[in-house]
Amino acid sequence: MTTDAPIGDSRAVAGTELEGGSNGSDPTELEGRPSGQDLTEAEAPLGGERASTYIAHNLPEPIAASYRIIRPIGRGGQASVYLAERVGDGESVAIKLYSVSMSRMDRTVVDALSSAPAEHIVPTEFGQWGEECWEIQEYLPLGGLDQLREHYAGGLPDDVAVAAVRELCDAVQAAHDLGLLHRDIKPSNILVRALDPLDLVLADFGLVRSLVAGAQLGSRSATPGYRSPDTAQGIWRMESDWWAVGITLFELLRGRHPFDDENGYRKDDITILGYLVENEVPLDGVDDPRWVLLLQGLLTKSADHRWGIEQVREWLAGGRPDVHRSTSSVDRGWVFTGFAHRTFTSPVELGRVMAERWDDAAEYVNGRGRTALHNALAQSSYAERAHQVFDRYDRGLIRTDGLVFELVRLMAPDDDLVFRGRPLTADGLAAVAAEAIEGNGRAIDWIGTAFREGVLDHTMGHPDHVQLAHVAESYAASWDEVDRLGDESGRRREDWLVRHPVEDRRATDITPILEGFRGRWRGYLLRVALNPDYARQIVAAAQTELAAGEAPADWISHLTTSPTSE
């Protein structure tokens, strides 16, 4: 369908989507039909006798007796959409009346859509009578994907956004499985059937064409801002739809189109496609690397390398499919000579050397080199995200090692995760935990720094992110429990001293024992985060350590006995 308004949108439609129809100045397609009574919408009360008479005489004859139009709900350049009810049973439907001849509609498309899976594609009945064409569809009052954010106060929840990815991509693939290319995917053409759980369906198939041999040459008609670079010459293929999916998902996440200015005005297709010759789609405001990965995959300019359903489903499962990165013209000729007495011709090369020479990199960014590196990255395709990283450092949200980690991840995103020379893997974490338990000072310091900087939480976009984030959460919860138990032991000590006067109060002070043990606790608690069953071994070790101290035996007994058992 070619109208710009979503079927199911019961709100007034205004702004850029329906230019020319503001203030009710233009006649609707119903007005002025042969044998019509020329009543305006205001003159015909909705649901009243005059309204139904007016509507009945102006619908195409084959459906005039079967449906009564309630009100207009969308209008575009080639058609208008109306909320209607079926006379026989009162069921609400959406009827789209074309104002131009659709005699070129591919019969193969009509036949395919009539048998399309209703769970993914809005059931549609097509009709034609002479030069008049119409569609009758399920009415969905929740509107389109462009309104989804309005249902959630405080911002769109991440799990809802992920569900939208799954629903949308399954719907697009359902059309592609029928051999159909949609050509007009955008938020208003993806309708919301239900919110909990989220259920989306694809609609508006007026531009749909069946494809032969995977591509089609034809009209460039489509909504400005959603066409992929490969359609510039009028060549459409299935991959063209996946580009539009990427733009649509950006809008869902950010609440605006990537090529809208600060006033909400969108650049035209010629300007956008010209920009994309040398640049990538700007993803400003999408900070989560995992969402950035998805958008980069779908918005790959090369259709041959663009993500499709296989890569999206892998992403949904927590995977990290490869993204084809053409060499940006911004990065061609990029040279940096400020680190390690070397010349670097790409940010990726620099990121890898910084990871290998971590201590040197930390010293460099902690001094004058930070400004030089910031300025250099400002001249690369990493400019916006590099600025965000440096800003986090300047505001004290991360320290030196955190800055190095985030810069390395930014410049060499496809490399293995490393922090201060150690791999961020289950085996790597287990190894550093074992060293810390043995009292290795460097390992103890590494664990403290890694968790202070939130390194495991900032691995978004990597396949192991979920597991690493769970380790970080468990480690933090264990420290909270340690602090709680420390406070509890202090209270018990004071309670015991009230009832058991001793000559030397210091003999009951276990703080030196606990502090001496605290460094190794980093290793123990990391082991617990990796393997919860390991907690029992920590308890036994702590009991042994306390028993070896010089505190009175009955004090130790009081410390390790629950209050209810005394």
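Could you check, for the stretch 76-90, whether at least one of its residues is in contact with a Leu (Cβ under 6 Å, 6 or more places away or on another chain), open to solvent by 40 Å² or more (accessible area, probe 1.4 Å), at pLDDT 85 or above and not acidic (Asp, Glu)? No, the stretch 76-90 contains no residue that is in contact with a Leu (Cβ under 6 Å, 6 or more places away or on another chain), open to solvent by 40 Å² or more (accessible area, probe 1.4 Å), at pLDDT 85 or above and not acidic (Asp, Glu). Within the stretch 121-146, restricting attention to residues that are touching a residue at least 60 places away in the same chain (Cβ under 8 Å) and open to solvent by 60 Å² or more (accessible area, probe 1.4 Å), the residue that is nearest to the chain's Cα centre (by Cα) is 146. Tallying residues that are closer than 15 Å to residue 284 by Cα, open to solvent by 50 Å² or more (accessible area, probe 1.4 Å) and of a type in the set (Asp, Glu) within the stretch 254-269 yields 2. Contact map, the stretch 408-427: residues that are at positive phi paired with residues that are open to solvent by less than 60 Å² (accessible area, probe 1.4 Å) and of a type in the set (Ser, Thr, Tyr), Cβ distance under 8 Å, separation 6+ or inter-chain. Pairs shown: 420/449. The residues of the stretch 300-315 that are hydrophobic (A, V, I, L, M, F, W, C) and part of a helix (DSSP H, G or I), listed by number, are 303, 309, 312, 315. Regarding residue 346, is this residue of a type in the set (S, T, N, Q), at pLDDT below 90, under 15 Å from residue 413 (Cβ atoms) and open to solvent by less than 90 Å² (accessible area, probe 1.4 Å)? Considered against the rule, which asks whether it is of a type in the set (S, T, N, Q), at pLDDT below 90, under 15 Å from residue 413 (Cβ atoms) and open to solvent by less than 90 Å² (accessible area, probe 1.4 Å), residue 346 comes out as yes. Annotation: of all residues in the stretch 422-445 being under 20 Å from residue 469 (Cβ atoms) and among the β-branched types (Val, Ile, Thr), the one that is least open to solvent (accessible area, probe 1.4 Å) is 432. Of the residues making up the stretch 360-384, those that are among the charged types (D, E, K, R) and farther than 13 Å from residue 408 by Cβ are 363, 368, 370, 384. Scanning the stretch 186-207 for residues that are surrounded by 15 or more Cβ atoms within 10 Å (Cβ to Cβ) and of a type in the set (Asp, Glu), we see that the one that is modelled with the lowest pLDDT is 204. Residue 238 meets each of the listed conditions (1) in contact (Cβ under 8 Å) with a residue 40 or more places away in the chain; (2) surrounded by fewer than 18 Cβ atoms within 10 Å (Cβ to Cβ) apart from (2). Picking from residues in the stretch 276-331 that are surrounded by fewer than 16 Cβ atoms within 10 Å (Cβ to Cβ), out of contact with any Lys or Arg (no Cβ under 7 Å at 6 or more places or on another chain) and among the aliphatic types (A, V, I, L, M), the one that is modelled with the highest pLDDT is 317.
Filtering the stretch 208-226 to residues that are at pLDDT below 90 and closer than 20 Å to residue 294 by Cβ leaves only 225. Only one entry of 373, 397 meets the criterion of being on the phi < 0 side of the Ramachandran plot and open to solvent by less than 10 Å² (accessible area, probe 1.4 Å), and that entry is 373.
Any residue in the stretch 247-266 that is farther than 16 Å from residue 299 by Cβ sitting within a Cβ distance under 6 Å of a residue that is assigned to a loop (DSSP other than H, G, I, E, B)? List the pairs, counting only those 6 or more apart or interchain. Correct list of pairs: 266/225; 266/257; 266/259. For the stretch 147-182, the candidate set comprises residues that are within 10 Å of the chain's Cα centre (by Cα) and β-branched (Val, Ile, Thr); within that set, the residue that is surrounded by the fewest Cβ atoms within 10 Å (Cβ to Cβ) is 162. One residue alone among 256, 266 is basic (Lys, Arg), at pLDDT 90 or above, within 23 Å of residue 149 (Cα to Cα) and out of contact with any Ser or Thr (no Cβ under 6 Å at 6 or more places or on another chain), and that residue is 256.
Per the listing 183, 166, the residue uniquely part of a helix (DSSP H, G or I) and either modelled with pLDDT under 90 or out of contact with any Asp or Glu (no Cβ under 9 Å at 6 or more places or on another chain) (or both) is 166.
The values are calculated or read from the model by the stated rules, or taken from the named source; none is laboratory data. Because the structure is a prediction, the values reported are computed rather than measured. Cβ atoms come from the backbone with ideal geometry, glycine included; neighbour counts cover every protein chain shown. Ligands, DNA and RNA are excluded from the accessible area calculation, which covers all protein heavy atoms including side chains. Shrake-Rupley method; radii C 1.70, N 1.55, O 1.52, S 1.80 Å.
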